[in-house]
Amino acid sequence: MSKRFNRRRIVTWIIIISVFFLGTNRISSYLHNYYHATSEALECISSPAEGITVDYLDNAIVFKSENPTAGLIFYPGGLVQTEAYAPLMEQLAQQNIMCVLVEMPYYLALFDANAARGIQAQFPEISDWYIGGHSLGGAMASLYADRHKEEYEGLILLAAYSMVDLTDGAPVDVLTIRGSEDGVLNMKNYNKNLSNLPADYTEVIIEGGCHGYFGDYGMQAGDGTPTITVQEQTTQTVDAILNFMNN
């Protein structure tokens with residue numbers, strides 16, 4: 001039985017069991033209670049920085065400079081409005097990284113782990129691609145990266161970990177970034193699953209950073225208390241990603 005079939009079956013049973021125990025109405029209420037992007041984040045889309053264009057695909061928002069040198073497909077965190085990641089995408093685009101911010105059904109990457117499929121073909125001018133995501137989005141991006149290692153230069157995990165073994169087959173470079181004050185990320189599972197990453201993975205810990213500040217949607221329930229601003233965490237995240245891509 002293939003790994004792909006096993007994963008699909010697991011996800012299907014998770015959904016079926018959730019609906020059975022919680023009921024359709026409660027599931028619907030839960031899925032519609034999500035974190036909203038701030039007005040500052042939305043402004044990065046309506047009035048992007050000079051030299052940056054924002055376009056839409058069927059399932060994604062694209063941030064692009066005039067001459068991008070690489071591409072990043074990004075999966076948002078669970079129950080977070082897609083646009084909350086616009087500041088991060090805009091700043092990366094200003095460094096000539098074209099960013100494709102994927103929109104997920106019900107703001108949950110769990111429902112479309114294969115959302116990256118077909119995106120690269122729409123931008124043949126880009127030869128070097130990366131994939132990544134935040135929290136649940138990072139976990140789902142790792143599933144896709146595991147099956148398509150040859151298509152990507154690297155995997156970027158923001159406050160996330162891979163639940164699949166990425167050490168088999170073709171090598172993939174991995175960058176993992178987390179905030180020192182993250183109160184949402186399960187550190188026991190995070191440390192346990194570091195063994196799923198290649199031995200030469202890169203870890204960056206943002207001092208004073210928290211879980212929710214990888215996006216711009218305010219404080220997340222259960223998160224720690226950050227000692228830096230969301231803007232500072234975004235800037236440090238961009239710097240870490242650029243260093244990873246350039247090494």
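Report the label-to-label distance for Glu50 and Met163 in nanometres (one decimal), using points 7 Å from each Cα along the Cα→Cβ vector.
About 4.6 nm separates the two model spin labels.
Picking from Ala84, Ala160, Ala221, which is most flexible by a Gaussian network model of the chain using Cα springs under 10 Å?
Ala221
In the neighborhood of Thr176, defined by Cβ-to-Cβ distances under 13 Å, what is the net charge if each Lys or Arg adds +1 and each Asp or Glu adds -1?
That sum, taken over residues with Cβ under 13 Å, equals -3.
Looking at the square roots a ≥ b ≥ c of the eigenvalues of the Cα gyration tensor of the stretch 109-231, which shape do they give, rounded for a/c under 1.5, prolate if a/b is larger than b/c, or oblate?
prolate
List the DSSP H helices in the chain whose Cα atoms stretch 27 Å or more along the helix axis and whose mean Kyte-Doolittle hydropathy is at least -0.5.
Membrane-span-like by this rule: 3-22.
Calculated from the structure, mean projected area of the Cα convex hull in nm² equals which of (i) 12.7; (ii) 13.3; (iii) 14.3?
Answer label, from the structure shown: (ii).
For the chain, what is the charge dipole size about the Cα centre, in debye to the nearest 20, if Lys and Arg each add +1 at the Cβ and Asp and Glu each add -1 at the Cβ?
The calculated dipole for the chain is roughly 1340 debye.
With every protein chain left in place, what is the accessible area of Glu40 in Å² (1.4 Å probe, nearest 10)?
About 100 Å², ignoring ligands and nucleic acids.
Using label points projected 7 Å from each Cα along Cα→Cβ, tell me how many nm separate Ile205 and Asn96, to one decimal.
For Ile205 paired with Asn96, the spin-label model returns 3.4 nm.
Per DSSP helix of 4 or more residues, -39500 (n - 2.57); summed, then divided by the residues of the chain. What does that give at 222 nm, rounded to the nearest 500? Walk me through the numbers before you get to the answer.
On the way: 7 runs with 79 residues, N = 247.
Counting only the DSSP helices, I get -10000 deg cm²/dmol.
Positive end of the dipole of the chain, charges at C-beta (+1 Lys, Arg; -1 Asp, Glu), about the Cα centre: which of Gly179, Ala221, Phe74 has its Cα farthest in that direction?
Ala221
The values are calculated or read from the model by the stated rules, or taken from the named source; none is laboratory data. Remember, predicted model here, so these are calculated numbers, not experimental data. For neighbour counting, all protein chains shown are included, and Cβ atoms are generated from backbone atoms with ideal geometry for every residue, glycine included. When the accessible area is computed, the model is the full protein with side chains, heavy atoms only, and any ligands, DNA or RNA have been set aside. Shrake-Rupley method; radii C 1.70, N 1.55, O 1.52, S 1.80 Å.
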